[in-house]
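Below is one structure, written out as structure tokens, with a few remarks after it.
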Amino acid sequence: GVVLVSGKSNSFVAGADITMLAACKTAEDAQAIAQGGQAMFQQIEDMPQTFVAAIHGPALGGGLELALACHYRVCSDADKTQLGLPEVQLGLLPGSGGTQRLPRLISVQQAMKMMLTGGSVRAKQALKYGIVDDMVPQSILLDVAIELALKPKPKRNPVKLDLMGKFLERTAVGRNLMFSQARKQTASKTLGNYPSPALIIDSIETGLNKGIKAGMDLEARSFGKLVMSPESAALRSLFFATTQMKKENGVEGVKPAKLEKIGVLGGGLMGGGIAYVTATKAGLPARIKDIRPEGIANAIKYSYDLLNKKVKRRFMAKSEMQKQLALLTGSVDYSGFSNVDVVIEAVFEDLALKQAMVSDVEANCAAHTIFASNTSSIPIGQIAAKAQRPEQVIGLHYFSPVDKMPLAEVIAHDKTSDLTISTTVELAKRQGKTPIVVKDGAGFYVNRILAPYMNQAAALLLAGEPIEQIDKALVKFGFPVGPIKLLDEVGIDVGSKIGPFLEAQFGERFASVAGFDKVLADDRKGKKNQKGFYLYTGKKPGKEVDASIYTLLGVTPNNKLSHAQIAERCVLTMLNEAAMCLDEGVIRNARDGDIGAIFGIGFPPFLGGPFRYMHTLGIDHVVTRLEHYQGLYGDKFKPADCLKNMLETGKSYY
């Protein structure tokens with residue numbers, strides 16, 4: 001018998017080397033790579049000897065496909081052990097037999113779900129679904145694998161299914177129904193922007209209906225086609241960018257200071273979320289200060305609720321939850337703050353209050369303590385204006401909800417030290433965030449490029465475009481939610497606070513649209529007070545537009561523009577602003593600008609970010625379209641000087 005075990009202590013096989021796909025010139029080149037993988041794994045499956053995969057740590061993509069070709073699989077019960085086929089996240093499909101072997105091993109519906117979402121499963125789930133034959137402590141993993149390798153090859157019994165499962169997976173009528181439903185649901189989510197999910201469904205269905213050879217042939221052909229698609233190229237560039245960023249310090253050559261304890265000021269939603277990622281992801285003690293005991297209780301309950309959900313779903317042991325909750329403590333004064341390394345401030349957007357917090361921290365914490373403000377709009381230089389140690393004041397801007405949104409903006413003002421930058425970047429990384437370092441200024445990067453986009457949406461609404469048309473247009477373009485819906489979700493009052501800072505620094509192009517102030521004057525704050533652009537009563541709260549908004553704004557809805565025209569108007573202003581941000585050094589490079597927009601505001605990942613998208617469209621096209629709209633609607637569309645210069649010199653972002 002043969003046991004396949006990794007030479008690494010922390011992973012089985014984390015996937016194939018994606019860099020080799022960049023060398024493919026044609027779809028046939030990429031197809032040949034898939035066929036090579038298929039042939040190699042088929043050889044393993046056809047061996048007379050028993051092959052066993054002994055899995056500890058991640059077995060992802062090609063790693064899981066290798067394990068699926070073995071006759072038995074046994075995995076360790078360690079937290080780091082996870083199995084999955086995440087190729088869809090790179091705009092690809094499992095190309096070495098994964099679309100054929102997984103649905104034959106486990107329930108077709110479960111296999112399809114794993115491939116279409118790219119989500120991985122933990123050891124316990126892998127055993128439950130039947131992906132592995134056994135789950136054991138790592139100390140005996142190899143012994144158990146050797147025992148299995150000495151057994152004859154197993155005769156696979158069909159996976160156990162309930163009555164509905166048997167109908168859907170084992171009858172022709174049921175299968176047709178299952179695959180047509182899967183296609184319908186997938187199309188409603190991808191809106192035609194991502195080609196790989198449909199091809200995954202085709203490959204699984206072909207293999208089950210026409211046999212494994214036909215399934216493998218379609219899988220390899222589809223893999224070749226997808227490698228050459230612009231969507232996959234953009235998603236792979238995103239993967240390389242984030243991988244590269246994980247290896248970088250905040251400032252090259254400057255190592256971060258050691259982190260042992262973090263303080264959080266404010267027990268609201270942001271404070272609670274920051275404390276949660278500090279304890280659960282970074283594994284660091286978090287001390288929460290709020291002016292009221294209820295604030296601390298709410299912040300700790302925020303973590304309890306999230307962790308308890310994981311325990312109920314059996315993703316986590318109760319003992320692990322208690323261990324993580326024990327890292328959270330709180331007080332209504334600064335006791336317990338004398339030895340914190342970083343204090344993250346998440347209080348109201350009020351400059352005087354934030355400056356008072358800086359002096360409190362300097363008085364009550366250690367000399368080395370960094371003060372990081374989670375402000376979304378106030379320039380960091382202003383917050384640090386009265387600080388005794390301005391070099392230790394920095395911005396650390398999270399996005400809401402903190403436990404889900406992957407980006408953090410690290411904002412250095414002109415006096416912030418390199419050590420402070422590197423240490424803050426390290427903290428954000430440990431909290432599970434992808435941090436980008438940005439220069440201080442109104443709106444920083446993400447909110448600054450979001451503002452003109454939102455302004456255009458407001459202008460379209462006041463010109464009579466129906467709210468649902470504006471939102472549909474941008475969702476179809478690839479954003480997770482439309483701009484008007486986003487305003488309701490974030491809070492109309494929050495959105496209005498950033499505008500004046502931007503207008504004060506950058507002038508007319510950030511002036512809010514005339515007449516839009518009536519919305520706030522009518523006490524419409526959005527979802528938070530159940531009164532905004534959408535209705536929050538009835539059977540479908542948040543789904544239907546509140547028609548009274550049109551009367552309030554004095555407009556008669558009249559759909560004049562196509563979805564493409566609406567999307568172009570909103571997105572062009574965002575691209576133009578992003579170009580200015582890079583030109584002014586607000587962001588360090590185009591890569592950071594792309595990551596910031598995708599992870600911060602959900603810019604369509606399949607377009608690769610604003611800079612990758614401008615590169616794909618061509619700078620000449622971007623400038624021409626901006627000038628077209630400038631002629632129609634004025635200087636808010638005036639192309640950035642840097643774009644005109646790039647056009648003259650024939651340069652591009654990539």
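The values are calculated or read from the model by the stated rules, or taken from the named source; none is laboratory data. From a predicted model like this one, the values you see are computed outputs, not experimental measurements. In this analysis, Cβ positions are derived from the backbone assuming ideal geometry, glycine residues included, and neighbour counts consider all displayed protein chains.
Residues in the stretch 401-433 that are closer than 22 Å to ILE598 by Cβ and surrounded by fewer than 20 Cβ atoms within 10 Å (Cβ to Cβ): PRO401, ASP403, LYS404, MET405, PRO406, ARG430, GLY432.
Name the pairs whose Cβ atoms lie under 6 Å apart, with the first residue in the stretch 613-637 and free of Cβ contacts under 8 Å to residues at least 12 places away in the same chain and in the same structural domain as ASN455 (by TED's automatic domain parsing), the second outside any helix (DSSP H, G or I) and among the basic types (Lys, Arg), and 6 or more positions between them or separate chains? As it stands, the answer is GLN630/LYS638, since those pairs meet every condition given.
Conditions (1) among the hydroxyl-bearing types (Ser, Thr, Tyr); (2) within 28 Å of LEU419 (Cα to Cα), marked per residue:
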position	(1), (2)
ARG236	no, no
LYS255	no, yes
GLU260	no, yes
ALA286	no, yes
ILE291	no, no
LYS301	no, no
LEU307	no, no
THR329	yes, yes
VAL332	no, no
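Annotation: of all residues in the stretch 525-548 being basic (Lys, Arg) and in a loop (DSSP other than H, G, I, E, B), the one that is farthest from ILE484 (Cα to Cα) is LYS539.
Take the stretch 33-85 and flag every residue that is assigned to a helix (DSSP H, G or I), surrounded by fewer than 21 Cβ atoms within 10 Å (Cβ to Cβ) and either modelled with pLDDT under 95 or not small (Gly, Ala, Ser) (or both). Hits for the stretch 33-85 are ILE33, GLN35, MET40, GLN42, GLN43, ILE44, GLU45, ASP46.
Checking SER512 against (1) at pLDDT 85 or above; (2) of a type in the set (S, T, N, Q); (3) part of a loop (DSSP other than H, G, I, E, B), only one condition comes out false. Which one? Only one criterion is unmet by SER512, namely (1). A count restricted to the stretch 123-172 and to residues that are modelled with pLDDT under 95, β-branched (Val, Ile, Thr) and touching a helix residue (DSSP H, G or I) at 6+ places or on another chain (Cβ under 8 Å) stands at 1. Just so you know, in the stretch 353-377 the residues that are among the hydroxyl-bearing types (Ser, Thr, Tyr) and outside any loop (DSSP other than H, G, I, E, B) include one that is farthest from ILE288 (Cα to Cα), and it is SER359. Of all the residues in the stretch 359-384, those that are hydrophobic (A, V, I, L, M, F, W, C) and within 26 Å of GLY495 (Cβ to Cβ) number 5.
So which of ALA214, ALA220, ALA234, ALA257 is assigned by TED's automatic domain parsing to the domain that holds GLY37, at negative phi and surrounded by fewer than 18 Cβ atoms within 10 Å (Cβ to Cβ)?
Working: ALA220 fails: surrounded by fewer than 18 Cβ atoms within 10 Å (Cβ to Cβ); ALA234 fails: surrounded by fewer than 18 Cβ atoms within 10 Å (Cβ to Cβ); ALA257 fails: assigned by TED's automatic domain parsing to the domain that holds GLY37.
Testing whether each residue is assigned by TED's automatic domain parsing to the domain that holds GLY37, at negative phi and surrounded by fewer than 18 Cβ atoms within 10 Å (Cβ to Cβ) leaves just ALA214.
When we screen LEU148, LEU90, LEU116, LEU127 for residues that are over 20 Å from PHE41 (Cα atoms) and more than 27 Å from the chain's Cα centre (by Cα), the only hit is LEU127. Can you confirm whether the stretch 531-538 contains a residue that is more than 24 Å from the chain's Cα centre (by Cα), of a type in the set (Ser, Thr, Tyr) and surrounded by 20 or more Cβ atoms within 10 Å (Cβ to Cβ)? For the stretch 531-538, residues more than 24 Å from the chain's Cα centre (by Cα), of a type in the set (Ser, Thr, Tyr) and surrounded by 20 or more Cβ atoms within 10 Å (Cβ to Cβ): present. All conditions in (1) farther than 24 Å from ILE436 by Cβ; (2) over 23 Å from the mean Cα position of the chain (by Cα); (3) surrounded by fewer than 17 Cβ atoms within 10 Å (Cβ to Cβ); (4) acidic (Asp, Glu) hold for ASP290, with the sole exception of (3).
Among residues of the stretch 328-352 being of a type in the set (Val, Ile, Thr) and either crowded, with 23+ Cβ neighbours inside 10 Å or touching a Leu at 6+ places or on another chain (Cβ under 7 Å) (or both), the one that is nearest to GLY295 (Cα to Cα) is VAL347. Just so you know, in the stretch 266-299 the residues that are in contact with a helix residue (DSSP H, G or I) (Cβ under 6 Å, 6 or more places away or on another chain) and not in a helix (DSSP H, G or I) include one that is modelled with the lowest pLDDT, and it is GLY267. I need the full set of residues from the stretch 594-609 which are farther than 13 Å from SER237 by Cβ and either assigned to a helix (DSSP H, G or I) or among the hydroxyl-bearing types (Ser, Thr, Tyr) (or both), in order please. Of everything in the stretch 594-609, those that are farther than 13 Å from SER237 by Cβ and either assigned to a helix (DSSP H, G or I) or among the hydroxyl-bearing types (Ser, Thr, Tyr) (or both) turn out to be GLY596, ALA597, PHE599, GLY600, ILE601. Considering every residue within the stretch 612-623, establish whether at least one is surrounded by 12 or more Cβ atoms within 10 Å (Cβ to Cβ), over 30 Å from ALA514 (Cβ atoms) and basic (Lys, Arg). Yes - at least one qualifying residue is present in the stretch 612-623.
Within the stretch 549-598, the set of residues being crowded, with 17+ Cβ neighbours inside 10 Å and acidic (Asp, Glu) comprises GLU568, GLU577, ASP592, ASP594. Restricted to the stretch 44-76, and to residues there that are small (Gly, Ala, Ser) and farther than 10 Å from LEU4 by Cα, the residue that is farthest from the chain's Cα centre (by Cα) is ALA69.
Would you confirm whether or not the stretch 410-424 contains a residue that is touching a Ser or Thr at 6+ places or on another chain (Cβ under 7 Å) and under 14 Å from SER373 (Cα atoms)?
We begin by selecting, within the stretch 410-424, every residue touching a Ser or Thr at 6+ places or on another chain (Cβ under 7 Å); these are 410.
Then drop every residue that is not under 14 Å from SER373 (Cα atoms), which leaves 410.
Yes: the stretch 410-424 contains one or more residues that are touching a Ser or Thr at 6+ places or on another chain (Cβ under 7 Å) and under 14 Å from SER373 (Cα atoms).
Residues that are over 11 Å from the mean Cα position of the chain (by Cα) and of a type outside the set (Ser, Thr, Tyr) within the stretch 404-425 comprise ALA408, GLU409, VAL410, ILE411, ALA412, HIS413, ASP414, LYS415, ASP418, LEU419, ILE421, VAL425, listed in sequence order.
Scanning for something in the same structural domain as SER335 (by TED's automatic domain parsing), surrounded by fewer than 15 Cβ atoms within 10 Å (Cβ to Cβ) and aliphatic (A, V, I, L, M), does the stretch 262-283 turn up at least one residue? No, the stretch 262-283 contains no residue that is in the same structural domain as SER335 (by TED's automatic domain parsing), surrounded by fewer than 15 Cβ atoms within 10 Å (Cβ to Cβ) and aliphatic (A, V, I, L, M). Could you list all residues from the stretch 467-483 that are out of contact with any Lys or Arg (no Cβ under 9 Å at 6 or more places or on another chain) and not in a helix (DSSP H, G or I)? Within the stretch 467-483, GLY478, PHE479, PRO480, VAL481 qualify.
Taking the criterion of being polar (S, T, N, Q) and free of Cβ contacts under 8 Å to residues at least 24 places away in the same chain, would at least one residue in the stretch 546-554 satisfy it? Within the stretch 546-554, one or more residues are polar (S, T, N, Q) and free of Cβ contacts under 8 Å to residues at least 24 places away in the same chain.
Counting only residues that are farther than 19 Å from GLU219 by Cα, surrounded by 15 or more Cβ atoms within 10 Å (Cβ to Cβ) and of a type in the set (Val, Ile, Thr), the stretch 3-32 holds 3 of them.
Hey, among the residues in the stretch 549-571 that are part of a helix (DSSP H, G or I) and touching a Pro at 6+ places or on another chain (Cβ under 9 Å), which one's farthest from TYR654 (Cα to Cα)?
First pass over the stretch 549-571, keeping only residues part of a helix (DSSP H, G or I): 549-553, 563-571.
From the residues that got through so far, the ones that are touching a Pro at 6+ places or on another chain (Cβ under 9 Å) too are 550, 570-571.
On the way: TYR550: 43, CYS570: 23, VAL571: 20 Å.
So the residue we want is TYR550.
With of a type outside the set (Ser, Thr, Tyr), in the same structural domain as SER107 (by TED's automatic domain parsing) and in contact (Cβ under 8 Å) with a residue 12 or more places away in the chain as the only criterion, which of LEU177, LEU191 stands out? Testing whether each residue is of a type outside the set (Ser, Thr, Tyr), in the same structural domain as SER107 (by TED's automatic domain parsing) and in contact (Cβ under 8 Å) with a residue 12 or more places away in the chain leaves just LEU191.
I'd like to check something: does the stretch 32-52 contain any residue that is in contact with a His (Cβ under 9 Å, 6 or more places away or on another chain) and of a type in the set (Gly, Ala, Ser)? No: the stretch 32-52 contains no residue that is in contact with a His (Cβ under 9 Å, 6 or more places away or on another chain) and of a type in the set (Gly, Ala, Ser).
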